[in-house]
Amino acid sequence: MVQYDSVAREYSEMITVDPVKKFAQRPQLLKLLSPKKKELILDIGCGNGAIARMVAEKGANVVGYDSSIEQILLAKSKTPAAKNIEYFVSTPYTFTYLKTFDKAFTVMVLMYAGSEETLQEFFNSTYKLLKPKGLFVVLDVLEEKIPFGKDFYGRLFVRTAPNKGKLLFNVPDSKPFAVDIITFSKQKLESCAKKAGFSSIEWKNLLPEKEGIKILGKEYWEVFSKQNPREWMILKK
Ligand SMILES: C[S@@+](CC[C@H](N)C(=O)[O-])C[C@H]1O[C@@H](n2cnc3c(N)ncnc32)[C@H](O)[C@@H]1O
């Protein structure tokens, strides 16, 4: 049993109402990934498949894996059989596929790696699974930017040990739940990516899309834009 087995339903419900997912993470991922028809794209830590389905809507073939069987069961139940998506229960240590991928992405997964070895393995495994010049888009929180002890858009990070913490989700209109995380710096992620072999690394801020600003107002997003602990890491093989 992995930790997301016991919170799969709560997570799944939370992401349907969470403005951060809806108006920032997902639309910006689509821009950065720019999925094309027939491309083969890997979703690492796909959860209930919400992003995999969005990417598949653009005509790409998507393969998602996740260590939580409960998340994969939810993903399968939410995906029509004819869709161009396959799901697997797997980890970066065990995932294999017959073809190599044009692109890969992982959204809010690395902080659940549990150890620095597994964090490194996410990069090593993805590097091997990508085609030459393949793109890898990562979104996660950076230790040096985490506002420990302060609510940040329905998330409260609590330090429990060096490089470890608890993340309490309390997003309006969803049930609260907590998970254990590890924390790592931008420098650590860069060293993992370089060690795996990635040739280029670019960073971008996570920002709300115009629609989110229109619906929720500039004031709602002010603190988010200035103090967000997440960043996009864009890697090329
Ligand atoms: C916060 S959820 C993110 C889900 C999805 N990427 C999204 O943004 O909606 C984190 C997911 O990472 C998965 N995960 C954590 N550690 C993993 C590992 N070592 N291998 C594969 N999946 C893992 C969890 O099971 C969980 O479904």
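General remarks:
- Intensity falloff of the range 1-141 expressed as log10 I(q)/I(0), Debye formula with alpha-carbon point scatterers, at q = 0.09, 0.10, 0.12 Å⁻¹: -0.23, -0.29, -0.43
- In Å², nearest 10: area of SER12 left accessible to a 1.4 Å probe: 10 Å²
- Two-site FRET efficiency, LEU32 against THR100, from Cβ-Cβ distance with R₀ of 25 Å, rounded to 0.05: 0.80
- Residue (of SER77, ILE41, TYR87) at the positive-pole extreme of the range 1-104, dipole from beta-carbon charges: ILE41
- Rounded to the nearest 20 debye, the dipole magnitude of the chain is 840 debye, with +1 charges on Lys and Arg beta carbons, -1 on Asp and Glu beta carbons, and the Cα centre as origin.
- Global form of the range 171-220, assessed from the alpha-carbon gyration tensor, a/c cut-off 1.5: oblate
- Calculated diffusion of the range 133-237, Stokes-Einstein form, Kirkwood radius summed over Cα pairs, 25 °C and 0.890 mPa s, µm²/s: 160 µm²/s
- Near ARG155, the amide H atoms lying under 5 Å from its own belong to ASN170; only residues 5 or more places off or on other chains count, and H is placed 1.01 Å from N.
- Take the Cα of LYS78, step 7 Å toward its Cβ, do the same at LYS175, and the gap between the two points is 1.6 nm.
- Cut-off 10 Å between beta-carbons: net charge of the residues surrounding PHE136, Lys and Arg +1, Asp and Glu -1: +3
- Where a label projected 7 Å from the Cα of LYS164 along Cα→Cβ would reach, residues of the range 1-31 with amide N under 16 Å: 3
- Fraction of accessible area attributable to carbon and sulfur, the chain (%, probe 1.4 Å): 54 percent
- Net length gained if the chain between SER199 and ILE213 were fully extended (0.36 nm per residue, minus Cα distance): 1.5 nm
- Within the chain, all pairs of alpha-carbon atoms sorted by distance into 10 Å bins from zero give the percentages 8, 33, 40, 18, 1.
- Area accessible to solvent at MET54, 1.4 Å probe radius, in Å²: 50 Å²
- Remark: the range 205-216, residue by residue, has Karplus-estimated 3J(HN,Hα) of 6, 8, 10, x, 7, 3, 4, x, 5, 5, 6, 9 Hz, where x stands for each Gly or Pro and the curve is 6.51 cos²θ - 1.76 cosθ + 1.60 at θ = phi - 60°.
- From phi via Karplus (6.51, -1.76, 1.60), per-residue ³J(HN,Hα) for the range 59-75 in Hz, x at Gly/Pro: x, 7, 8, 10, 10, x, 10, 8, 6, 9, 5, 5, 5, 5, 5, 5, 4
- Dipole magnitude (debye, nearest 20) for the range 50-153, charges at Cβ of Lys, Arg, Asp, Glu: 620 debye
- Unsatisfied cross-links (Cα-Cα over 27 Å) in the set LYS36/LYS237; LYS164/LYS210; LYS131/LYS188: LYS164/LYS210
The values are calculated or read from the model by the stated rules, or taken from the named source; none is laboratory data. Everything numeric in this text was worked out from a predicted model, so none of it was measured. Every residue, glycine among them, receives a Cβ derived from its backbone with ideal geometry; neighbour counts consider all protein chains shown. Remember, those area values only see protein heavy atoms, side chains included, never the ligands or the DNA or RNA. Shrake-Rupley method; radii C 1.70, N 1.55, O 1.52, S 1.80 Å.
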